[in-house]
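The structure appears below as structure tokens.
Bear in mind these aren't lab numbers, they're just calculated from the coordinates by the rules spelled out. A quick note: this is a predicted structure, and the numbers were derived from the prediction, not measured. Don't worry about glycine lacking a Cβ; one is built from the backbone with ideal geometry, like all the others, and counts go over all protein chains shown.
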Amino acid sequence: MTSLPENRAQLISDQDRDTAVRRLQEAYAEGHISHEEMDERLNHALAARTRGDLEPALDSLPEEKAPATSTIAAAGGRIKRRGAWRVPRTLKVESAFGGVRLDLSRAIIEHPVIDIELQMGTGGARITVPRDAIVDIEGLHTGWKDVRYRARRPSGPGGPTIRISGAMGYGRLKIRHAWR
């Protein structure tokens, strides 16, 4: 499991507990545990306070899958994704000369954190994020033009965190929140 404390007596975070619940749901969906066993293990995971409390709920589960990574690349032309497309945990976008348009407002986002790595030569990029998304652009390096993004005040918990990293050559990145 990711980022569990090493010490069995050390307290676990809500994220650790959520990861355990997700792993149990995946194991049930894949047929590794029965419905009754999933219920019992979920009760243990939700009541867990320490790593030692959480371990019995995860015993004998298959290893956690590596995060999904997809790459979209084009030497020239436009890269465009919109509508109800499934966003992987890590998305690498590479474009030498074309523009990039990513609309995440209606996309299927299954992960609490999405990493988008941009490798752009010339040409701009426009990314539309969900209304309640939190955007982190600390890992992005720009060459010629700066990023246009106005952070929105969070309206409440529950939105995905979208981390944008990589390098922009001569184009500009514009990020906006969807209206709905």
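Over the residues of the chain, the helix contribution to mean residue ellipticity at 222 nm works out to -6500 deg cm²/dmol, using -39500 (n - 2.57) for each DSSP H run of at least 4.
The angle between the Cα long axis of helix 14-29 and the longest principal axis of the Cα atoms of the chain comes to about 80 degrees, rounded to the nearest 10. Convex hull volume of the Cα atoms of segment 92-141, normalised per residue: 84 Å³.
The amide H of L173, built 1.01 Å from its N in the peptide plane, has A125, R148 as neighbours under 5 Å, considering only residues 5 or more places off or on other chains. Working ranking of peptides 164-175, 75-86 by packing, defined as the average number of other Cβ atoms within 10 Å per residue, highest first, is 164-175, 75-86. Amide H contacts under 5 Å for R101: I79, K80, R81, R126, restricted to partners 5 or more places along the chain or on a different chain, H placed in the peptide plane at 1.01 Å from N. Size descriptor for segment 109-172, Kirkwood hydrodynamic radius: 12.5 Å (Cα pairs only, one decimal). The eigenvalues of the Cα gyration tensor, multiplied by 5 and square-rooted, give the chain an equivalent ellipsoid with semi-axes of 37, 17, 15 Å from largest to smallest.
Taking the average, over residues, of other Cβ atoms within 10 Å as the packing measure, peptides 23-34, 95-106 rank 95-106, 23-34 from highest down.
Between the listed residues W179, L24, L11, the Cα displaced farthest toward the positive end of the dipole of the chain, a dipole computed from Cβ unit charges relative to the Cα centre, is found at W179. Put simply, when 138-151, 110-123 are sorted by average Cβ atoms within 10 angstrom per residue, most first, you get 110-123, 138-151.
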